[in-house]
Structure formats: structure tokens, C-alpha cells
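The values are calculated or read from the model by the stated rules, or taken from the named source; none is laboratory data. Just so we're clear, the structure is a prediction, and the values are computed from it rather than from any experiment. So basically every Cβ, Gly included, is an ideal-geometry build from the backbone, and we count neighbours across all protein chains shown. What goes into the accessible areas is simple: the full protein's heavy atoms, side chains included, and nothing from ligands, DNA or RNA. Shrake-Rupley method; radii C 1.70, N 1.55, O 1.52, S 1.80 Å.
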Amino acid sequence: MATNDLKLLGGWFSPFACRVQIALSIKGLDYENIVENLNSKSDLLLQSNPTYKKIPVLIHGDKTICESAIIVQYIDEVWKNNATSSILPSNAYAKAIARFWVSYIDDKFFNSLRYGLFAQDDESKKKYFDELEEVLLKLEEVFNKLSEGKGFFGGEKIGFIDIALGCYLSWLKVKEKFTGTKMFDEAKNPGLVKWAEAFSAHPAVKGILPETDKLVEYAIAMAQGLAAAATAAPK
Amino acid sequence: MATNQEEVKLLGSVKSPFVCRVHIVLKLKGIEFEFVDENLANKSDQLLKYNPVYKKVPVFVHNDKPISESLVILEYIDETWKQNPILPSDPYHRALARFWSKFIDDKIVAASVKVVHSVGDEKEREKNVEESIEALQILENELKDKFFGGEEIGIVDIAAVFIAFWLPVIQDITGLKMLTAEKFPKLYNWSQEFLNHPIVKENIPPRDPLFAIYKAYYDSLIASK
């Protein structure tokens, strides 16, 4: 029973829904987890997010909040509990830096990963995955700077950037299976390799990221659906 | 070296709606700053140093600490200088303000840019105009008070300076109508109130030079097709 009157409209396959789950887990909050079928969206989803009709949506009492990065900040602000469970830094400049990198991840990282995974031709795939490599080099630099040797982008504890990037780890494992190359190059991204292990093992994260095999099946079905739509749809 | 002197700099360009957002907030809060007018065709070393990731304006520099991305900058300014707040204090209304500011960037600014660039491709252009109109309708439905921020302008109003000032310029240049008083009476009235706000009025760029720059760019787009 959800004592905080919290519902999450999400899906196990969605990295964005995972972000919210991780944030709720960090704060130790109970919630009702409603898994949406994106091919047949519930009335509740369509009413709660009429603008985008997307997951995740957090329903807190009579309030609905959309967009994963916004939801995570909402959770952090409402449940201010104590310093050990804060997700964003308390310093305004550090907050701005965290927000900047989350925005970068949602733009550059997300787009190169998803366009690469579902590109219909090899040339496009290579272009996007090359871009992804550049992005990872940048994020390795950011990790080294912000972690100050302590293990996470947030320092000693997982923070906003860790959650924003970490939610994609299962999808990066899908890329590993699809392409046969490791998700992080150990020579170029040694920091991210260690970070990924630490993140996945973190108590607040355990059990939330989907299993690779299950996600691979889901990704294959998605790719087939996209390919069929591409050949069927007139220009 | 102890000093009460805050060093506040805004690297920008008068023609940018994103820079304008930051300009308005700084003036609203009465913050003194140095404006560095960047020539975007020949970016300064300073700009490249402070925003190596995107190499874009605006870049806000506070005591030599740079911040990029206009909405990130706006939140930073609001958290650092508390007078005349542009974000609500309760988390739910803050989440809504963030949602709508992002919506303006993702749906309205993006569609307008596509409208401009799809000149020459009628079908593509029609699709982009439709997207723009759909997004404006959503915003029209959302507007409940004098401003998105209530009685006073807030972050959503400031983010929407693009709609109030730049979109009409784009409409005049392309001959396309997206925001009209007939189609969107609330949004149109909002734009007039917003542009007449004492701070906004003084801090939007002069229209004629802006029009000339954008027209020249548009003509070059047409010529290249």
C-alpha cells in the first residue's frame, strides 16, 4: 500500500522511468508501480500527460509531474529529509553544472545511442556510434573532474548525473549484444567502467535496471516494428 | 584579496532570444553585469573557453565560474539572487514552471526553426507550421492568469520571449501566420502585456535591425535552395 499516495506510470524497459524509481528508492519511498503498455496507453496516462502522452509520470496525490529530470528534482525537493539522501548538490553552482550535464546526456548521449541502435543502414549506425564514442570521452572527463576520486559523479553518493546516465546502462548492454563491442572502452573510459560497476551495485539501484536478455528481446521487437513502419509508410 | 565586487558577465548576442532571457532576468533583479557582445561568426577565445561543449551563447560567468544553457542559467540566477524570484517556491509549481519552459524550447522554438529552414519544401513546411500551431494551442490552453507566472512575470514568461518578440518577426519575414489574435486570443494578449512590462520593454532588442539580420539570413537560405 502506498503510504505517500505515490503512483508511477512507467515501464521496466524505459530508462526514464528507471530514473524515477531510483530517486524514489534513494528517498526510501513506497509507491504503486504501474507498467504501461506503450502500444495501448491507459486512460490514466493519457489524462495525466496529455501534452506528450509519455512515461514516466509521477502522480503524487492530486498532482501529476511529467518529464523524468523534472520528476527527479521534484522528488528531491519534496523529500528534503537529510543530506545523505539528497540527489542534487546544495551549492547553486554545482546544481547548475549537474543540470547542464543531465541536459547534455538527454540530448547528445541519448540521441546517438538510440539513433545508432535503430539506424536502418550501416553508414548511419557508424556515424551515430562514432558520435557516442566522442560523448563517452567527454563524460569520462566530466566524471574524473566531478567525482574527485570518490566513485560517483555526485562524489561519495549517487547524484543527479549518476541517475541520469546510469539509467541507460541496460540499453548500453543491449548495444553490446547488437554490436559485439564492449559498452565502455576500457582503455578510453576506465573511469566509466568502474563507475558503471559501482552504480549497478548500489543498493538504491539494485533490481531496478532491467535484465539484459529481457531488454534485448524488447529491443529486437522495437527494431522490427520500426523497420516495418519505415517500409510501410509513404513519404 | 577580499572584495565585495561580484564579477558578473554575460556573453551573448543581441539577436539571440536565449541571451535575451538572461538579460531580462538580470535587469529584473537589478544585477549589475558586463555584457560581452559576441560575433558568432568569429567566436572569442573567452566563449570557446567558457563553453567548449556547445560553443554557443548565452554563457553566464559569475566570479569566473561559467554556466551555459539559458534555462540552467535562469535557475542559477534565481537561486543566487533572491529578489524578484522567477520560480515559485513550492516544488509542484516549480516542476510545472520547468515543464512549460522546456516545452517552449522543445516544441515551439524547435518547430519555428524548422518552419524557417523548410523554405522551398512546401509539404515539410506545412507540417512544421501545423506542429507550431498545435504547440501554441497547448500553451494557449495552459494560460490562466495575466502571466504564466501569475500576477508577475516568471520563468515561463521569460522563456516565452521568443513567442512574444521573435515569432512575429519570423512571421513577417516568411509571410506565415502562426500566432494570431484570432487563433490564440489569450496568448496574443499575453504577448502584448509581456512586451509592455517595464523591464521587458527596455530589454528586448530594437526590432528593425533584428528584422534586417533575420531577413538577410532567410534570403540566403532561399538562395541556397
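For region A:68-141, what does the convex hull of the Cα positions come to per residue, in cubic angstrom?
Values: hull volume 7.2 nm³, N = 74.
So the per-residue Cα hull volume is 98 Å³.
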| Once you measure Cβ to Cβ distances between cysteines in the protein assembly as shown, which Cys have no partner under 4.7 Å? | A:C66, B:C20
| remark: Expressed in Å to one decimal, the Kirkwood Rh of chain A from all distinct alpha-carbon pairs is 18.6
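Roughly what % of DSSP beta bridges within region A:6-79 run antiparallel, to the nearest 5?
On the way: 8 of 12 bridges.
That works out to approximately 65 percent antiparallel.
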| field | 5 Å binning of all Cα-Cα separations within region B:162-218, expressed as whole percents from 0 upward | value | 4, 18, 26, 24, 18, 10, 0
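Mean shadow of region A:92-219, computed from the convex hull of its alpha carbons, in nm²?
Details: hull surface 31.0 nm².
Over every viewing direction, the Cα hull of region A:92-219 projects on average to 7.7 nm².
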| Which residues' amide hydrogens lie under 5 Å from the amide hydrogen of B:V36, considering only partners 5 or more residues apart or on another chain, with H built in the peptide plane? | B:L10, B:L11, B:G12
| field | Unsatisfied cross-links (Cα-Cα over 26 Å) in the set B:K65/B:K215; B:K56/B:K215; B:K43/B:K82; B:K29/B:K56 | value | B:K65/B:K215; B:K43/B:K82
| field | Counting all C-alpha pairs of chain B, share separated by more than 31 Å (%) | value | 22
| request: Please grab the % of Cα pairs in region B:2-80 that end up more than 18 Å from each other. | output: 33
| field | Share, in percent, of DSSP beta bridges within chain A that are antiparallel, nearest 5 | value | 70
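Quick one: accessible area per residue over region B:91-224, 1.4 Å probe, rounded to a whole number of Å²? Can you show the working numbers first?
Numbers: 6260 Å² over 134 residues.
Per-residue accessible area for region B:91-224 comes out at 47 Å².
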| When the Karplus curve 6.51 cos²θ - 1.76 cosθ + 1.60 is applied with θ = phi - 60°, which whole-Hz ³J(HN,Hα) does each residue of region B:32-41 get, with x for Gly and Pro? | 7, 8, 9, 9, 9, 7, 8, 8, 5, 7
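With a 1.4 Å probe and every protein chain kept in, tell me what percent of the accessible surface of region B:111-225 is carbon plus sulfur. If you can, show how the numbers build up before the last one.
Values: 3100 of 5720 Å².
Carbon plus sulfur share of accessible area: 54 percent.
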| query | Can you list, largest first and rounded to whole Å, the semi-axes you get for region A:6-79 by taking the square root of 5 times each eigenvalue of its Cα gyration tensor? | reply | 19, 13, 11
| Ignoring the sites themselves, what is the longest stretch of chain B with no GluC sites (Glu not before Pro) in a DSSP loop and at most 11 other beta-carbon atoms within 10 Å? | B:33-150
| task | Give the percent of DSSP beta bridges with both residues in chain B that are antiparallel, rounded to the nearest 5. | result | 70
| remark: Per residue, accessible area of region A:6-79 with a 1.4 Å probe, heavy atoms of protein chains only, in Å², comes to 37
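Leaving out ligands, DNA and RNA, and with a 1.4 Å probe, what % of the accessible surface on region A:6-79 is carbon or sulfur? Display every interim value, and only then the final one.
Numbers: 1270 of 2760 Å².
Within region A:6-79, the accessible surface is 46 percent carbon and sulfur.
Please give the total accessible area that chains B and A bury against each other, computed with a 1.4 Å probe and expressed in Å² to the nearest 100.
Working: alone 11940 and 12570 Å², together 22250 Å².
Chain pair B/A: roughly 2300 Å² of buried accessible area.
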| task | Over all directions, average the projected area of the Cα convex hull of region B:88-146 and note it in nm². | result | 4.4
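To one decimal place, what Kirkwood hydrodynamic radius in Å is obtained for the protein assembly as shown from all pairs of distinct Cα atoms?
Result for the protein assembly as shown stands at 23.8 Å.
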